[in-house]
Structures are given as structure tokens and as C-alpha cells.
Amino acid sequence: MRRGVSDKNILEKFAEDFCKIVEKHVKYIVCSGFVAIAHGRSRSTEDIDMIIEKIPFEKFSKLHEELVKKGFECMQSSDAKKIFYDYLINGDSVRYTRKGKFLPEMELKFAKDELDNEQIKNRTKLPFTKLDIFFSSIESNIAFKEEFLGSEKDLEDAEHLRIIYEGAFDEKIINEIKEKIRKRKKNER
């Protein structure tokens with residue numbers, strides 16, 4: 001049975017509303033814990049992780065302006081220049097919420113390297129979630145959770161995705177992404 005819009009929970013509705021605005025301005029992916037949650041994994045999260053293409057200030061300013069107009073606010077600052085130059089350009093993330101609310105929140109950051117850009121290039125909508133959102137691929141999510149993040153919660157998320165998508169993902173691609181992650185970690189030292 002297909003869920004209707006009214007069946008979406010607060011986190012899913014928040015994510016779709018936010019992503020609908022972002023998509024007009026820049027390519028993005030939603031990744032990390034929300035991917036497993038959107039696939040039925042029962043665990044809590046306070047934020048949704050989003051990576052967007054690196055864009056110039058003028059383009060970001062228009063995105064920020066529309067987010068504010070549609071009822072969102074940035075927790076770090078209301079000033080687009082400050083958000084852009086003090087946070088995003090420096091590789092830091094910023095958090096957006098609905099005005100006057102603390103949760104849920106969208107943690108937004110620029111793609112920081114070729115691996116992030118590759119995830120955005122290979123973004124996909126995952127029909128099982130029934131959400132109109134672009135996600136990083138299942139292979140990317142599994143690889144990052146197992147190789148980069150590695151907490152017990154992340155490993156459980158990865159296992160959940162492996163079960164849901166059994167026979168529908170490519171282990172070779174997961175291993176290739178893991179190798180790129182290992183190279184990224186080595187370069188960050």
C-alpha cells in the first residue's frame with residue numbers, strides 16, 4: 001500500500017520541504033543516518049545530513065533567501081555572508097531548522113573533495129523510501145558507514161541497508177568507495 005503525504009512523519013516532511021527548495025538552486029545529497037531511518041530502521045536522530053555542490057556566494061545567497069522566505073532559519077546566523085564565508089567556505093557545516101523550532105534540523109555543508117562530488121554526481125532517489133529526495137547511493141552509504149564512520153550505530157545502519165537491498169547493490173563498488181575513503185583519511189593526516 002502506498003503511503004500518502006499525510007502519512008509522512010515530521011522528519012520526512014521536513015526533509016522533503018527543505019530539499020524541494022535546495023533542488024531549485026543546487027545539486028545535493030542526503031546521506032548518513034537519515035538514509036537508514038527512511039528505509040524503516042528504528043533509531044532516533046536529531047538532524048539530517050546534506051552535502052551540496054560548492055557554489056559561489058551569489059548563488060548561495062539566493063538559496064538562503066528562499067529558505068528564509070519559506071520558513072527556515074540558520075542556527076549560526078541570519079546573515080548569508082557570515083554563513084557562507086565564516087562556515088561553509090571553511091569546510092564547516094551549518095544547521096537549518098524551521099523558524100522558532102529546535103528540531104528537526106538539516107546539517108548542510110559543501111562538498112569538500114572529489115569523493116563528495118562523486119556522490120552528488122551519482123545521486124539517486126530511492127523508491128523504497130517513497131520520498132522525493134536525492135540520496136547518495138546505497139553503495140556510498142554502506143561504504144561510509146562501515147569504513148569512515150564505523151560507530152556501532154553506523155554499522156547497524158549499514159547492515160540494515162545491506163538487508164533491505166540484498167541482491168540490489170554492487171559489493172565491488174562498495175569496496176572501491178572504501179578504498180577512496182582510506183586514501184582520504186590518509187591525506188587528512
(message) For region 12-37, which positions are in contact with a helix residue (DSSP H, G or I) (Cβ under 6 Å, 6 or more places away or on another chain), aliphatic (A, V, I, L, M) and not in a helix (DSSP H, G or I)?
(response) 29
(request) Output the helices (runs of 4 or more DSSP H) that fall wholly within region 72-189 and possess 3 or more residues being over 20 Å from residue 23 (Cα atoms) and either free of Cβ contacts under 8 Å to residues at least 12 places away in the same chain or in contact with a Cys (Cβ under 7 Å, 6 or more places away or on another chain) (or both), or say none. (result) 152-164, 171-188
(request) Scan region 45-72 for residues that are surrounded by fewer than 20 Cβ atoms within 10 Å (Cβ to Cβ) and either under 16 Å from the mean Cα position of the chain (by Cα) or at positive phi (or both) and report the count. (result) 7
(request) Read through the list (1) of a type in the set (Gly, Ala, Ser); (2) buried (at least 19 other Cβ atoms within 10 Å of the Cβ); (3) modelled with pLDDT under 95, then give the number of the only condition that residue 80 fails. (result) (3)
(message) Cβ-Cβ distance below 7 Å, separation of 6 or more or different chains: which pairs start in region 27-47 with a residue that is more than 20 Å from residue 110 (Cβ to Cβ) and end on one that is assigned to a loop (DSSP other than H, G, I, E, B) and not β-branched (Val, Ile, Thr)?
(response) 37/43; 38/131; 46/103; 46/104
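The values are calculated or read from the model by the stated rules, or taken from the named source; none is laboratory data. All figures in this text were calculated on a predicted structure; none of them were measured in a lab. All Cβ positions, glycine included, derive from the backbone under ideal geometry; neighbour counts span all protein chains shown.
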